[in-house]
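Here the structure comes first, spelled out in structure tokens, and everything after it is commentary.
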Amino acid sequence: MNIYKAKNYQDMSRKAANIISAQIIMKPNCVLGLATGSSPVGTYRQLIEWYEKGDLDFSQVTSINLDEYKGLSPENDQSYRYFMNTNLFDHVNIDKTRTFVPNGLEPDSQKACNDYNQIIQEKGPIDLQLLGLGHNGHIGFNEPGEAFEKETHCVDLTESTIEANKRFFESEDDVPKQAYTMGIKNIMQAKKILVVVSGADKADILKEVLYGPITPEVPASILQLHNDVTIVADEAALSKIDK
């Protein structure tokens, strides 16, 4: 596991974007696993900047997103499809027919999950999976539980995740209570994994993920078993780790 210390969020974003851009340059038709949330926004911004300078070409890239809220349409400004369009896809030359996000409007959870697993199987393997890290150790929407969920599944979001997300909605009642997410097996099958972590509020959980026991109660702890993981974290997030 490689751990890169960044000075701050901006430096973290640039370092992470460097790794992603290297992947695209080395393999122009690569498959990127992409994440949403506040952590990767700066990384996407940096990638757009390099694209605008002519340094990057997304025309052959395929992307597979980690998750989507159940019940939200792609046009809903809180959906993850909308997030990806506004934070990356609308600003680069990626073919949107090759960008995949779970179908939040599919009411049949089993069908939505089976369909997405099939996409991952057909388009994969994922060359590089980008992840953020939740305060409770979740990756994607794989919440703490009794077992590691293997493949795409529908999850009931925990109170802490709903609490963390409610700032994006008009009221807590508007926050979706369920989401479709890639499972741990889907994530672990990626060839490379890149995790971006920022802020002192993530310091305790990052230490637990890296050096604590491997347990489904801290879903990201499973990353200790992957053979190619890179953590890019700022000084605040790494503050509890003795170097």
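The values are calculated or read from the model by the stated rules, or taken from the named source; none is laboratory data. Quick caveat: nothing in here was measured; it's all calculated off a predicted structure. Here Cβ is always computed from backbone atoms with ideal geometry, including for glycine, and neighbour counts include all displayed protein chains. Surface accessibility is based on the protein's heavy atoms, side chains included, excluding ligands, DNA and RNA. Shrake-Rupley method; radii C 1.70, N 1.55, O 1.52, S 1.80 Å.
A few remarks follow.
- Residues that are open to solvent by less than 10 Å² (accessible area, probe 1.4 Å) and more than 23 Å from VAL31 (Cβ to Cβ) do occur in the stretch 135-150, at least one of them.
- Taking the stretch 1-74 and the strands (runs of 3 or more DSSP E) fully enclosed by it, the elements with 2 or more residues that are of a type in the set (Ser, Thr, Tyr) are at 62-65.
- Checking each residue in the stretch 160-201 for being part of a helix (DSSP H, G or I), over 18 Å from PRO216 (Cβ atoms) and either open to solvent by 10 Å² or more (accessible area, probe 1.4 Å) or among the basic types (Lys, Arg) (or both) picks out GLU163, ALA164, ASN165, LYS166, ARG167, PHE168, GLU172, ASP173, ASP174, ALA200, ASP201.
- Against the criterion of being in contact with a strand residue (DSSP E or B) (Cβ under 6 Å, 6 or more places away or on another chain), open to solvent by less than 30 Å² (accessible area, probe 1.4 Å), within 19 Å of ILE20 (Cβ to Cβ) and in contact (Cβ under 8 Å) with a residue 12 or more places away in the chain, ILE64 qualifies.
- Residues satisfying the criterion are present in the stretch 84-101 (criterion: of a type in the set (Phe, Trp, Tyr), without any contact (Cβ under 8 Å) to a residue 40 or more places away in the chain and outside any helix (DSSP H, G or I)).
- Positions within the stretch 76-92 being more than 22 Å from SER21 (Cβ to Cβ) and surrounded by 17 or more Cβ atoms within 10 Å (Cβ to Cβ), in sequence order: SER79, TYR80, ARG81, TYR82
- Residue that is most open to solvent (accessible area, probe 1.4 Å), among those in the stretch 1-14 that are more than 13 Å from ALA237 (Cα to Cα) and touching a helix residue (DSSP H, G or I) at 6+ places or on another chain (Cβ under 9 Å): GLN10
- Every residue from the stretch 29-45 that is open to solvent by 20 Å² or more (accessible area, probe 1.4 Å) and not β-branched (Val, Ile, Thr): ASN29, GLY37, SER38, ARG45
- Just one of (1) assigned to a helix (DSSP H, G or I); (2) out of contact with any His (no Cβ under 9 Å at 6 or more places or on another chain); (3) open to solvent by 10 Å² or more (accessible area, probe 1.4 Å); (4) modelled with pLDDT of 95 or more fails for LEU206. It is (3).
- Complete set of residues in the stretch 121-133 that are surrounded by 24 or more Cβ atoms within 10 Å (Cβ to Cβ) and touching a Ser or Thr at 6+ places or on another chain (Cβ under 8 Å): LEU130, LEU133
- Filter result (basic (Lys, Arg) and over 22 Å from LEU66 (Cα atoms)) within the stretch 1-35: LYS5, LYS7
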